[in-house]
Amino acid sequence: MIIYKTKEEVEKMRQSALLVSKTLTEVAKLLRPGITTLSIDKMIGTFISEHNAVPSFLNYRGYPFNSCISLNDVVVHGFPGKDLLKEGDIVSVDIGVILDGWHGDHAYTFAIGDPGEQVMQLLKVTKEALYKGIEKAIAGNRVGDISYAIQEYTEKKHGYGVVRELVGHGLGRSLHEDPQVPNYGKRGDGKRMKEGMVLAIEPMINLAERANSNLFTYQIAQTFA
């Protein structure tokens, strides 16, 4: 069931999303070769707590960390650990917060130094694909219009592989709500978008056709208010 939000509730979610963005900004200041993803996760937990919020992921279905941090060929949902970051790594940092009872959810992939031209092009195209999807996130369109736009740009135009097993989703008082938002599909398919719907659009794209390759993920909450 899709839960539509009022303008006041959307504003509260915007504040949650802004705190996620502020947290990612702090992460960007910290990232460098020689530090562990576990130390990044601890900083994330501290920063969120200092802003009177709670990490969405901590204790979610027993998950023991404040964030998901995925290195290189890990698609998403990577566990922070003690391995040291090194030059050329790409690091996807996925953060959620609960502020005043509402979730914000946002991920960004950072390059540590120069990961090479091929990976940098993947980062660029995947980020562009996010905005292609957002362009279709309009009341009156259908979820499939978002899905098609992302797949068309990444898979058909640039020859990358779209991850099928993981999708975007609705967001609100719960971290995951209906509807699901795949990164592949047909125009005109899926739920019709209406004002008050909030979505986390999450392009997940591989260098290779489907899996086992370096990948960039980027997500943002998009509202219709």
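Residue-wise test of (1) among the basic types (Lys, Arg); (2) part of a strand (DSSP E or B); (3) touching a Phe, Trp or Tyr at 6+ places or on another chain (Cβ under 8 Å); (4) open to solvent by 10 Å² or more (accessible area, probe 1.4 Å).
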| residue | (1), (2), (3), (4) |
| --- | --- |
| PHE79 | no, no, yes, yes |
| VAL97 | no, yes, no, no |
| HIS106 | no, yes, no, yes |
| GLY113 | no, no, no, yes |
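Kindly indicate whether any position in segment 109-132 is on the phi < 0 side of the Ramachandran plot, aromatic (Phe, Trp, Tyr) and in contact with a strand residue (DSSP E or B) (Cβ under 6 Å, 6 or more places away or on another chain). Yes. Checking segment 145-168 against the condition returns a match, with at least one residue being among the aliphatic types (A, V, I, L, M), surrounded by 15 or more Cβ atoms within 10 Å (Cβ to Cβ) and farther than 30 Å from LEU85 by Cβ. Could you tell me whether segment 110-132 includes any residue that is in contact with a Ser or Thr (Cβ under 7 Å, 6 or more places away or on another chain) and not hydrophobic (A, V, I, L, M, F, W, C)? For segment 110-132, residues in contact with a Ser or Thr (Cβ under 7 Å, 6 or more places away or on another chain) and not hydrophobic (A, V, I, L, M, F, W, C): present. Taking the criterion of being among the β-branched types (Val, Ile, Thr) and either in contact with a helix residue (DSSP H, G or I) (Cβ under 9 Å, 6 or more places away or on another chain) or not in a helix (DSSP H, G or I) (or both), the residues of segment 33-55 that qualify are ILE35, THR36, ILE40, ILE44, ILE48, VAL54. With the structure loaded, tell me whether GLY172 is open to solvent by less than 10 Å² (accessible area, probe 1.4 Å), over 17 Å from the mean Cα position of the chain (by Cα) and in contact (Cβ under 8 Å) with a residue 12 or more places away in the chain or whether it fails that test. No: the conditions fail for GLY172.
Can you find a residue in segment 157-165 that is at pLDDT 95 or above, within 23 Å of SER16 (Cα to Cα) and part of a loop (DSSP other than H, G, I, E, B)? No: zero hits.
Considering PHE110, PHE57, the condition of being touching a Cys at 6+ places or on another chain (Cβ under 7 Å) and either closer than 24 Å to GLY170 by Cα or of a type outside the set (Lys, Arg) (or both) is satisfied by PHE57 alone. Looking only at segment 1-32, residues that are farther than 19 Å from GLY172 by Cα and in a loop (DSSP other than H, G, I, E, B) come to 2 in all. The set of residues from segment 115-145 being charged (D, E, K, R) and either modelled with pLDDT under 95 or assigned to a strand (DSSP E or B) (or both) comprises just one member, ARG142.
Applying the set (1) in contact (Cβ under 8 Å) with a residue 24 or more places away in the chain; (2) hydroxyl-bearing (Ser, Thr, Tyr); (3) open to solvent by 70 Å² or more (accessible area, probe 1.4 Å); (4) part of a helix (DSSP H, G or I) to TYR184 leaves exactly one unmet item: (4).
The values are calculated or read from the model by the stated rules, or taken from the named source; none is laboratory data. Note that the structure is predicted; figures quoted are calculated from it, not measured. With ideal geometry, Cβ positions are generated from the backbone for all residues, glycine too; neighbour counts draw on all protein chains shown. Just the protein is used for accessible areas: all its heavy atoms, side chains included, with ligands, DNA and RNA removed. Shrake-Rupley method; radii C 1.70, N 1.55, O 1.52, S 1.80 Å.
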